[in-house]
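One structure is given below, encoded as structure tokens.
Please treat every number below as a calculation from the coordinates, not as lab data. Computed from a predicted structure; not experimentally measured. Note that each Cβ is placed from the backbone with ideal geometry, even for glycine, and that neighbours are counted across all protein chains shown.
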Amino acid sequence: MAIEPQDIQQKHFSNKMRGYNPDEVDEFLDDVAFEQRRLHDEIDSLRRQLAEAKSRVEYFDEMKESLNKSIDRKSTRLNS
């Protein structure tokens, strides 16, 4: 089950005698939700960077293959 930052912020707990301080719990949940959102944003950014890097690698692999074919053709002509 995926937990979104708003799920954390909107979570409510019942009060019981000798329980946790609700203000402290709310503050902690706000901090956790903020950090979770930050991490989600960082993951999204890293995924975009990875996709861009893969695209560049693919481009340069194609360029390398094209250059190698050109070199092979020139070499074949020179050896004939």
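Details
- Only one item in (1) 0.94; (2) 1.57; (3) 0.92 matches Rg/Rh (Cα atoms, Kirkwood Rh) derived from the coordinates shown, and that item is (2).
- The angle separating the long axis of helix 22-79 from the principal Cα axis of greatest extent in the chain is about 0 degrees.
- Only helices enter this figure: runs of n ≥ 4 DSSP H residues, each worth -39500 (n - 2.57), summed and divided by the residues of the chain, yield -29000 deg cm²/dmol at 222 nm to the nearest 500.
- Of the trypsin sites (Lys or Arg not before Pro) in segment 14-80, the ones in a loop by DSSP (not H, G, I, E or B) with at most 15 other beta carbons within 10 Å are LYS16, ARG18.
- Sites matching chymotrypsin sites (Phe, Trp or Tyr not before Pro) across segment 8-80 that sit in DSSP coil, with at most 16 neighbouring C-beta atoms within 10 Å: PHE13, TYR20
- Virtual spin-label span in nm between LEU39 and ARG56, 7 Å along Cα→Cβ: 2.8
- Span from the segment 47-71 Cα centroid across to the segment 10-31 one, whole angstrom: 52
- Each of MET17, GLN6, ALA53 was scored by the projection of its Cα onto the charge dipole of the chain, and the greatest displacement toward the positive side belongs to ALA53; charges sit on the C-beta of Lys, Arg, Asp and Glu.
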